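For reference, the structure is listed below as structure tokens.
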Amino acid sequence: MKFYYIYKALAHPENNGYVAPFSLKERLMHVKEAKQKLGTRFQWLCDTMDNDLKHAFGDRPNSEFVVNPQGKIVVARRWSNPAALREDLERLVGPVPRPTRISQLDLPQIERPKTAVKGVVPRVQLPGSMMPVKVRPLESNATYYVKLRAEIQPDYFREGTGKLYLGFFLDPLHKVHWNNRAAPVTYEITDMQGIEVADTQGKGPDVKADADADPREFLVEVSDHVSAGNGPPEFRITVRYFACDDAETFCKPVSQEYVVSLVRDADGGSRRTTGSRRSRGRRPTPVPSSDDLRSLGRPPGSRIPHRNR
């Protein structure tokens, strides 16, 4: 038997302090950190930035599959169940004389990445449940020390108007902080297509602490304007900030751009850090065929419990 973890899109960005990566390089940095912190000897597979494997496996955040040597899925479980998995393996392969117990594993305690102080800047209170929309960074080779997350009220898609959330999150992978002695973060919205935005410019708060790692968050009112043609309404947003590393080796001004499309991001996950978030129901998971696995280059003879960090 071979065991694999699959790294996919983050199901719950901000859990344990991590935010969604923008590049395959950053995903591999997440994998490296997970291997170190979890102390696992399992092989890790990293999904593509288009999330091909996630979609082929039914888009569930914690599903589990047993695949036979011929590449056929013999067990498909929408949610990982260790006890049921052991029964599956005993039935398919046979029992082991001395099963390992969890108490014998000496599992490490998972710690949040170390950052500058948090809790300095109050979080934005959301008007209710929000839906992630697609964000595309325009500089493929640049380091986005700050990651934009955009979410919108579901009412927008029914009524043509609603509130848009813009959150700028420091990425702990890059070990940076806000330097509050420098100019605060600012953003500007341009090139609007099929949409009107009430506040096309924004500025972060003036913070007394010299440094912090809290997100900079904004709520803006958006509404349909004219037809966006064949595509969804979208706009370009430019953010300007100072990128300052925790080791104090650099502190430089940065200007970066994104395109935000007002269409649901099915891979955007949901954040669980604010009280206004509500849980969503679960959908049935389509089971991929063995041809799906072969097309993705899966080696046969593997059991694949895949989990999101």
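Remarks
- Restricting attention to the range 144-178 and to residues that are surrounded by 18 or more Cβ atoms within 10 Å (Cβ to Cβ) and acidic (Asp, Glu), the residue that is farthest from Asn16 (Cα to Cα) turns out to be Glu151.
- Qualifying residue in the range 86-109 (condition: free of Cβ contacts under 8 Å to residues at least 12 places away in the same chain and under 30 Å from Pro232 (Cα atoms)): no
- Selection of the range 23-48 for residues being surrounded by 15 or more Cβ atoms within 10 Å (Cβ to Cβ) and either among the aliphatic types (A, V, I, L, M) or under 14 Å from the mean Cα position of the chain (by Cα) (or both) yields Ser23, Glu26, Arg27, Met29, His30, Val31, Ala34, Leu38, Leu45, Cys46, Asp47.
- Filter result for Arg294 (at pLDDT 55 or above, outside the structural domain of His174 (by TED's automatic domain parsing), surrounded by fewer than 19 Cβ atoms within 10 Å (Cβ to Cβ) and not hydroxyl-bearing (Ser, Thr, Tyr)): no
- Each residue in the range 113-140 was checked for being of a type in the set (S, T, N, Q) and over 19 Å from the mean Cα position of the chain (by Cα), and 1 of them qualify.
- Residue list for the range 173-208, filter: part of a loop (DSSP other than H, G, I, E, B) and either free of Cβ contacts under 8 Å to residues at least 12 places away in the same chain or among the aliphatic types (A, V, I, L, M) (or both): Ala182, Ala183, Val185, Ala198, Val207
- So Arg41, is it closer than 30 Å to Val176 by Cβ, part of a loop (DSSP other than H, G, I, E, B) and not small (Gly, Ala, Ser): no
- Residue satisfying all of: in the range 60-81; under 29 Å from Ser270 (Cβ atoms) and either of a type in the set (Gly, Ala, Ser) or modelled with pLDDT under 90 (or both); farthest from the chain's Cα centre (by Cα) among these: Ala76
- Qualifying residue in the range 110-127 (condition: crowded, with 16+ Cβ neighbours inside 10 Å, at pLDDT below 90 and within 23 Å of Ser270 (Cβ to Cβ)): yes
- Candidates are the residues of the range 77-127 that are assigned to a loop (DSSP other than H, G, I, E, B) and of a type in the set (Gly, Ala, Ser); the one that is nearest to Met1 (Cα to Cα) is Gly94.
- Residue selection: Val117 satisfies the criterion of being more than 29 Å from Glu234 (Cα to Cα) and touching a residue at least 12 places away in the same chain (Cβ under 8 Å).
- Ala56 meets each of the listed conditions (1) small (Gly, Ala, Ser); (2) at pLDDT 90 or above; (3) crowded, with 17+ Cβ neighbours inside 10 Å; (4) touching a strand residue (DSSP E or B) at 6+ places or on another chain (Cβ under 8 Å) apart from (4).
- In the set (1) at pLDDT below 95; (2) closer than 20 Å to Met29 by Cβ, Leu148 fails one condition alone, (1).
- Scanning the range 171-215 for residues that are out of contact with any Ser or Thr (no Cβ under 9 Å at 6 or more places or on another chain) and of a type in the set (Lys, Arg) yields a count of 2.
The values are calculated or read from the model by the stated rules, or taken from the named source; none is laboratory data. Model, not experiment: these values are computed from the prediction. Because the Cβ atoms are built from the backbone with ideal geometry, glycine has one as well, and the counts that use them run over all protein chains shown.
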